[in-house]
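In what follows, a structure is listed as structure tokens, so that the remarks can point back to it.
The values are calculated or read from the model by the stated rules, or taken from the named source; none is laboratory data. This structure is a prediction, so every number in the text was calculated from the model and none was measured. Here the Cβ positions follow ideal geometry from the backbone for every residue, glycine too, while neighbour counts run over all protein chains shown. Accessible surface is based on the protein model in full, side chains and every heavy atom, while ligands, DNA and RNA are left aside. Shrake-Rupley method; radii C 1.70, N 1.55, O 1.52, S 1.80 Å.
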Amino acid sequence: MSGTAALIQEVQSAGLYVLDVILALSTAQKIMIVVALPFVYSIVWQLLYSLRNDRVPLVFYWIPWLGSAIPYGMQPYEFFAQCQQKYGDCFSFLLLGKVMTVYLGPKGHEFILNAKLNDVSAEEAYTHLTTPVFGKGVIYDCPNWKLMEQKKFAKVALTKDSFIKYVPIIREEVLNYVNSDSQFRGKKGKVNVLKSQPEITIFTASRTLLGEEVRSMLNTGFAKLYSDLDKGFTPINFVFPNLPLPSYKRRDEAHNIISNTYMKLINKRKQENDIQDRDLVDALMKNSTYKDGTAMTEREIANLLIGVLMGGQHTSASTSSWFLLHLGERPDLQEELYNEIKSVLGDRKEVTYEDLQNLPLVNNTIKETLRLHMPLHSIFRKVMNPLQVPDSKMIVPKGHYVLVSPGFAMTNEKYFPNANTFEPHRWDVSQNAGSSDSDTVDYGFGTITKGVSSPYLPFGGGRHRCIGEQFAYTQLGTILVTFIQTFKWTSKLPKVDYSSMVTLPEEPAEIEWERRAD
Ligand code: X2N
Ligand code: HEM
């Protein structure tokens, strides 16, 4: 008999013996074993994993599958800081069955955001979450080259010429809101920014990017559909893309109705030959043919509109909520902002796009808010080919994920002295110093800086870099100017809620406002 066959027989009889022992146990003891087995397995697996020197160190965890989900989900930056102390800038942790490799700091930004297209994939990391919400054929439900072109198509509606038109519209929407919403009735009062800012954001973004037709529908039952769709865009959906629950059904129904509505709008404009340069709808109707000659379908244009609006909604609403709450603790800054606005606009109240370029404190307030509250605390990619960690023997295997967190560097003492203090004036000097690299690259949606080793990257970098930065600054700048012109306010800064899609303030997130006399 060969050695192998003998071994197999040996193992077989040992297995049978173990089975006999187990069957002889009481039911309670059997249950104990079944319960304990995953724990034993996971601990043995972690021990063996820790012996490999070609792997990034793995953060120890007790609970199988769940891994480090709770410390990460509650306080990601504190969790990262603790891991950094033990393992350095590069470590792995288990998040709900997925191995995440984190690389903190500028080297990590470069490693992950500038990784090769063949090695890492954003669509594989995000599609389960985004496709049920945005719909088929766009963003992360298509090959990367199509996403690059979709970003190029959308950018046509995000130019200086468009912003010049958007600013008065945004101002009108904000004024209309603060002069009619029940939370803003009277001379003074309290407002929950987690209600007001999402509403102001959706009204201003819909009116500018989707046009008056869609904006006016938001005063009707149509708004409920947005809320249903929104409830399908949470970290829970990231973990469980589809469950037989009412919220998932409402998400899918809301998607279908909204997508159909946008298609009807596209068709109406087409039929009436009413295609101008008003908004993103016009821009995509004019320019959405891929370089291979195929045109985006009307369904795909509708879904791209949903995706772009949804992305801008969460990030922008979070940012304006946070600057209101920070400024509420700094009446001195509100006065400084008021004086800056007055000195540039004079007796004029109607802010313009050009004015916004001449209001450094307004822009630095937004910049500082994004430093302290980068809306996306974690950016993910799925590893598609074994990936070597630079200057090491460590390999991140295919099937694992990489996670980059510019928000960690942005709130770190190493890069920003008094990192936890809200201080817009820290940006006064050196408006653009630090990003000394002028090397640029074009992935298909316009030139961007090649290097991503800056510690300050609220809009990401590389081929997936944000195209909404200028729109966000225009929208947020106009909202901030209009608030400063209209109100003085106070507040107490809430803690951060990291368990949402974007980093939000915890409830209660209120400001106490008072109308300015003039
Ligand atoms: C259960 C606490 O809460 O212990 F949207 F056109 C549109 C970003 C995807 C972030 C996923 C996991 C948090 C677990 C907490 C478009 C404008 C985009 C860009 C664990 C106990 C979408 C998932 C968040 C995992 C955190 C980014 C966005 N510009 N928008 N335990 O997508 O850009 C778009 C782009 C994602 C996440 C998480 C837990 C283009 C807990 C307690 C609980 N995350 N998260 N955008 N966790 N717990 C966007 C890229 C893309
Ligand atoms: C991508 C941040 C507003 C559209 C990104 C990324 C970040 C980001 C970090 C990179 C994601 C990744 O690498 O996985 C922000 C912040 C915003 C903001 C902080 C506001 C303060 C907007 C707005 C729009 C928008 C207003 C649309 C008008 C996009 C798009 C992408 C993107 C289309 C590209 C996604 C990709 O290529 O994978 N954004 N964003 N964003 N953002 Fe934004």
- Message: Explain nothing, just compute: Karplus ³J(HN,Hα) = 6.51 cos²θ - 1.76 cosθ + 1.60, θ = phi - 60°, for every residue of region 190-202 in order, whole Hz, x for Gly and Pro.
- Response: 10, 9, 7, 5, 6, 9, 5, 5, x, 5, 4, 5, 5
- Query: By how many nm would the segment from Ala419 to Glu512 grow when fully extended, if each residue of separation counts as 0.36 nm and the alpha-carbon distance is taken off?
  - Reply: 30.8 nm
- At 1.4 Å probe size, with every protein chain present, just tell me what the per residue accessible area of the chain comes to in Å². 48
- Under a cut-off of 17 Å between alpha-carbon atoms, report the lysines in cross-link reach of Lys342, not counting same-chain residues fewer than 8 places apart. Lys488
- Task: Just subtract the alpha-carbon distance of Tyr338 and Ile8 from 0.36 nm times their residue separation and send over the number in nm, one decimal.
- Result: 110.6 nm
- the chain - mean residue ellipticity at 222 nm from DSSP helices (-39,500 (n - 2.57) per run, n ≥ 4, rounded to 500): -16500 deg cm²/dmol
- What residues from region 354-385 fall in the zone where the backbone N is under 20 Å from a label point 7 Å along the Cα-to-C-beta line of Leu117? 380-385
- Task: For Glu253 and Gln75, calculate 0.36 nm times their separation in residues minus their Cα-Cα distance, and state this gained length in nm to one decimal.
- Result: 60.7 nm
- Message: For a quick check of understanding: with a 1.4 angstrom probe and all protein chains in place, what accessible area in square angstrom does Ile479 have, to the nearest ten?
- Response: 0
- Query: Quick one: which of Lys107/Lys382; Lys151/Lys450; Lys107/Lys450; Lys231/Lys367; Lys116/Lys382 span more than 21 angstrom between C-alpha atoms?
  - Reply: Lys231/Lys367
- Between rounded, prolate and oblate, where does region 67-133 land on the alpha carbon gyration tensor, with a ≥ b ≥ c its root eigenvalues, rounded for a/c under 1.5, else prolate if a/b exceeds b/c? oblate
- Item | Within the accessible area of the chain (1.4 Å probe), percent carbon and sulfur | 58
- Item | R0 of 41 Å, Cβ-Cβ distance Ser499-Asp274: FRET efficiency to nearest 0.05 | 0.40
